[in-house]
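A.B. asks: After the structure tokens below, expect a handful of questions from me.
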Amino acid sequence: MRATSVGRGVGELRLCALLRLCAEAPRSRRVPIVAARSPRLTLGPAARPPAPGTVDAMPPRRIETGDGRAALAAVAAGDAPRPATATAVRYLLQLLAEKAPGNSVEMRVPPFGAVQVIEGPRHTRGTPPNVVETDAATWIAVATGEEHWTDAVTAGRIVASGVRADLSALLPLRP
């Protein structure tokens with residue numbers, strides 16, 4: 001059997017041929033086919049990442065205190081490289097999550113990280129009702145006490161929505 005078609009790529013031709021073979025096979029010998037993101041095909045169960053909360057899911061990497069403080073020092077010195085800024089932001093988010101564990105407020109610092117904090121009603125799908133979002137420089141300044149929460153909110157550098165989204169009682173963090 002040969003699959004031919006004008007205007008189709010090699011991957012599509014192989015897929016067409018494989019689908020025809022599977023359709024013609026007796027039911028007892030059929031194998032499920034899952035198309036991966038690449039042109040290659042995966043036979044058998046789909047290779048999906050494990051669901052959160054399952055045994056196979058990896059916990060987030062914990063940033064050690066020394067590494068976090070070194071990243072904060074590099075950022076404070078000015079002109080820190082992007083990896084140092086990312087580590088500093090994630091370290092401060094980690095400290096916030098340790099200080100106020102919970103799932104009712106989502107603290108976002110795009111593109112570096114987000115955590116869910118503060119006890120209360122848990123959200124599971126879509127945009128949570130209590131969201132705080134800011135940039136990396138503002139988050140580092142507020143979390144370390146260089147700037148007050150209310151000043152950053154008033155200036156529009158922090159966008160906080162929801163009745164639980166006021167984190168001023170938790171800040172500054174003491175790294």
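A.B. asks: Once the other residues with Cβ under 13 Å from the Cβ of S161 are scored (Lys, Arg +1; Asp, Glu -1), what is the net sum?
C.D. replies: Around S161, the charge tally is -1.
A.B. asks: From a point 7 Å beyond the Cα of D151 in the direction of its Cβ, which residues of region 78-114 have a backbone N at a distance under 19 Å?
C.D. replies: 78
A.B. asks: Something else: At 0.36 nm per residue, and after removing the present C-alpha to C-alpha distance, how many nm does the segment from A97 to A169 gain when stretched out fully?
C.D. replies: Length difference between fully extended and current span is 24.5 nm.
A.B. asks: Exactly which GluC sites (Glu not before Pro) in region 71-120 are in a DSSP loop and have at most 13 other Cβ atoms within 10 Å?
C.D. replies: Here the GluC sites (Glu not before Pro) that fit, given the DSSP loop and packing criteria, are E119.
A.B. asks: Something else about it: Send over a whole-number figure in Å² for the accessible area per residue of region 122-175, probe 1.4 Å.
C.D. replies: Here the residues of region 122-175 average 57 Å² of exposed surface.
A.B. asks: So how strong a dipole does region 99-156 carry about its Cα centre when Lys and Arg Cβ are +1 and Asp and Glu Cβ are -1, to the nearest 20 debye?
C.D. replies: Here the size comes out at about 340 debye.
A.B. asks: Also, I was wondering about something else. Take the solvent-accessible surface of the protein heavy atoms, probe 1.4 Å, and return the percent of it on region 56-151 that carbon and sulfur atoms account for.
C.D. replies: Carbon-and-sulfur percentage of accessible area, whole number: 52.
The values are calculated or read from the model by the stated rules, or taken from the named source; none is laboratory data. A quick note: this is a predicted structure, and the numbers were derived from the prediction, not measured. Neighbour counts are summed over all protein chains in view; Cβ atoms, including those assigned to glycine, are modelled from backbone coordinates with ideal geometry. The protein model used for the area step is the full one, side chains on, heavy atoms only, and it has no ligands, DNA or RNA in it. Shrake-Rupley method; radii C 1.70, N 1.55, O 1.52, S 1.80 Å.
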